[in-house]
């Protein structure tokens, strides 16, 4: 579940959400002063200080995209995805494979005998890396 709250500040303290230790709760993003937190299934939040009001979020597609755009966790997931792809394929490799795939699709390029296997291997690898990233984001319901 994703919840939201607003951090409160007085002259001495900033009041934030209290979560159980090692609960797996993840602060996803703060948008327009509202902080969104993923609370894993089975985790119950303890009573909060009177300054903090917690609400469960109805996650619309629009809100999901806003949280994803603002979340450092999601940005890191995409960064790791790109790093895993770059570990095997350079930008030049990807551009080459894209050119031959698009050219073949449009009928303006005739593939060499080894190129379909290169494209298939590339596609399989990239999709496996994308699935890892999707699973990372799924843990936060994003």
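Structure values in brief
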quantity	calculated
Residue within region 75-89 that is assigned to a loop (DSSP other than H, G, I, E, B) and in contact with a helix residue (DSSP H, G or I) (Cβ under 8 Å, 6 or more places away or on another chain) present	yes
Test: residue in region 55-72 that is modelled with pLDDT under 95, surrounded by fewer than 14 Cβ atoms within 10 Å (Cβ to Cβ) and in contact with a strand residue (DSSP E or B) (Cβ under 7 Å, 6 or more places away or on another chain)	no
Unique match (being more than 30 Å from residue 12 (Cβ to Cβ) and surrounded by 11 or more Cβ atoms within 10 Å (Cβ to Cβ)) among 104, 87	104
Candidates 114, 32, 93, filtered to the one that is on the phi > 0 side of the Ramachandran plot and either at pLDDT 95 or above or surrounded by 15 or more Cβ atoms within 10 Å (Cβ to Cβ) (or both)	32
Yes/no for residue 66 being in a helix (DSSP H, G or I) and either in the same structural domain as residue 24 (by TED's automatic domain parsing) or touching a residue at least 40 places away in the same chain (Cβ under 8 Å) (or both)	yes
Test result for residue 118, assigned to a helix (DSSP H, G or I) and under 14 Å from residue 3 (Cβ atoms)	no
Residue within region 25-44 that is in a loop (DSSP other than H, G, I, E, B), in contact (Cβ under 8 Å) with a residue 12 or more places away in the chain, more than 23 Å from the chain's Cα centre (by Cα) and outside the structural domain of residue 76 (by TED's automatic domain parsing) present	yes
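The values are calculated or read from the model by the stated rules, or taken from the named source; none is laboratory data. From a predicted model like this one, the values you see are computed outputs, not experimental measurements. Neighbour counts are summed over all protein chains in view; Cβ atoms, including those assigned to glycine, are modelled from backbone coordinates with ideal geometry.
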